[in-house]
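First comes the structure, then the notes that go with it.
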Amino acid sequence: MTGAQVLDVAQDGIWTLIYVSAPLMIVGLVVGVVIALFQALTQIQEMTLVFVPKILAIFITMLLMLPFMGAQLSGYMDRVVDLIITGG
C-alpha cells in the first residue's frame, strides 16, 4: 500500500465521520440556538434548561438516523476490507 492510498483511506474515514456525525451536531446546534433565543427573550437565566431538550432531540435524531449512520459505517468498512483483501 502506497502513501497515497493510505491518505485516501484516511480521507475517506474523515468524510465518513463527518457524514455520520453531522445530523446529530446540526440538531444539537439548532436546539441550542432555539433555547438560547428563548432564554434571551424571556430573561430566564437557568443554565440547566438547555440540557434536557438537547439530549432528547439528539437521542430522537440518533434513533431516526441510525440506519443511515450504520449504512455509512458499513460502506466504509467494506471499502477498507476490500483494500486489505486486494492488497492495495
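Taking R0 as 25 Å, what FRET efficiency do you get between SER74 and ASP8 from their Cβ-Cβ distance, rounded to the nearest 0.05?
Values: r = 19 Å, r/R0 = 0.75.
For R0 = 25 Å, the calculated efficiency reads 0.85.
What 222 nm value per residue comes from the helices of the chain, counting each DSSP H run with n ≥ 4 as -39,500 (n - 2.57) and dividing by all residues, nearest 500 deg cm²/dmol?
Using -39500 (n - 2.57) per qualifying helix, the result is -32000 deg cm²/dmol.
Taking the Cα centroid of segment 61-88 and of segment 2-49, what is the distance between the two, rounded to the nearest whole Å?
What the calculation gives is 20 Å, centre to centre.
In percent, how large is the relative contact order of the chain, given Cα pairs closer than 8 Å and 6 or more residues apart?
49
Could you state the angle between the C-alpha long axis of helix 3-42 and the longest principal axis of the C-alpha atoms of the chain, as a value from 0 to 90 degrees rounded to the nearest 10?
With both axes taken from Cα atoms, the answer is about 10 degrees.
Given 5 Å bins starting at zero, what is the percent of C-alpha pairs of the chain in each, up to the one with the largest pair distance?
Pair shares across the bins are 2, 13, 18, 15, 11, 10, 9, 8, 6, 4, 3, 1, 0.
Rule-based calculations on the coordinates, nothing more; no lab input. Computed from a predicted model, the values in this text were never measured in an experiment. Note: ideal-geometry Cβ built from the backbone for every residue, glycine included; neighbour counts use all protein chains shown.
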